[in-house]
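Structure record follows, encoded as structure tokens.
The values are calculated or read from the model by the stated rules, or taken from the named source; none is laboratory data. The structure displayed is predicted, hence computed values, not measured ones. As a convention, Cβ positions derive from the backbone with ideal geometry for all residues, glycine included, and neighbour counts pool all protein chains shown. Only protein heavy atoms, including side chains, enter the accessible area calculation; ligands, DNA and RNA are left aside. Shrake-Rupley method; radii C 1.70, N 1.55, O 1.52, S 1.80 Å.
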Amino acid sequence: MERMIAEGHQIGNHGMTHASLPTLTAAQAKAEVMDLHQYVLDTYGYEMQYFRCPCGEYSVEALETVQACGYHTIFWSDAYVDWNVDDQPDPTQALERLTAHAHGGEILLLHAVSATNAAILGDLIDAFRDLGYTV
């Protein structure tokens with residue numbers, strides 16, 4: 001975290017326990033967001049401003065709660081099942097799929113636990129650049 005902050009990366013909030021916000025009361029959803037917010041602020045001196053809903057699950061009430069907490073909600077435009085460490089996608093197929101779905105302004109959801117993503121990331125970035133995108 002310290003290195004990412006020092007390098008100028010945006011750190012986003014994803015909730016303290018990865019809870020599905022629509023299943024929570026407004027007070028519980030606020031705690032889910034703000035508990036992590038306060039932890040990161042206290043530990044790293046960094047104030048997050050972007051929130052991504054766990055599993056992409058949301059409701060109007062949940063989005064209103066997140067906004068009331070001072071956050072902008074961000075969603076992805078492409079994702080694939082890369083989070084299951086026991087069932088990783090084939091690297092060649094993953095690279096082909098992600099490259100084929102590339103589009104301007106894309107927000108691509110890639111999970112850090114994915115061995116496939118780690119294996120293809122350099123080639124994926126090169127492929128995006130070859131297609132004329134800025135990464």
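When a/c reaches 1.5 or more, the comparison of a/b and b/c decides; with that in mind, is the range 65-135 rounded, prolate or oblate per its Cα gyration tensor? Here the range 65-135 falls in the oblate category. Once all protein chains are placed together, M16 keeps about 90 Å² accessible to a 1.4 angstrom probe. Taking a point 7 Å out from the Cα of M4 in the direction of its Cβ, the residues of the range 29-43 whose backbone N falls within less than 18 Å of it are 33-43. Overall, the anisotropy analysis places the range 6-51 in the prolate class: the square-rooted eigenvalues a ≥ b ≥ c of its C-alpha gyration tensor yield a/c not less than 1.5, with a/b exceeding b/c.
Note on surface exposure: T134, T43 rank T134, T43 by accessible area, highest first, 1.4 Å probe. Could you tell me which of rounded, prolate or oblate describes the chain, using a ≥ b ≥ c as the square roots of the eigenvalues of the alpha-carbon gyration tensor, with rounded for a/c under 1.5 and, failing that, prolate when a/b is larger than b/c and oblate otherwise? Prolate, since a/c reaches 1.5 and a/b exceeds b/c.
Considering the options L24, T99, P54, tell which one lies farthest towards the positive end of the dipole of the chain, charges being +1 on Lys and Arg and -1 on Asp and Glu at the Cβ, about the Cα centre. About the Cα centre, the residue reaching furthest to the positive side is L24.
Could you state how much accessible area S114 has, in square angstrom rounded to the nearest 10, with a 1.4 Å probe and all protein chains kept in place? Rounded to the nearest 10, that gives 0 Å². Entry comment: accessible area of the chain is 62 Å² per residue, from protein heavy atoms only and a probe of 1.4 Å. Cα axis of helix 91-100 to longest principal axis of the chain: angle in degrees, 0 to 90, nearest 10? That helix lies at roughly 80 degrees to the long axis.
With the helix formula -39500 (n - 2.57) applied to DSSP H stretches of n ≥ 4, the chain reaches a computed 222 nm mean residue ellipticity of -13500 deg cm²/dmol.
The C-alpha atoms of the chain define a longest principal axis, and helix 115-130 lies at about 70 degrees to it. Only Lys, Arg, Asp and Glu carry charge here, each on its Cβ (+1 for the first two, -1 for the last two); on that basis the chain has a dipole of about 260 debye about its Cα centre.
Under 5 Å from the amide H of Y50 lie the amide H atoms of N13, H72, each residue being 5 or more positions distant or on a separate chain, with H modelled from the backbone and absent for Pro and chain starts.
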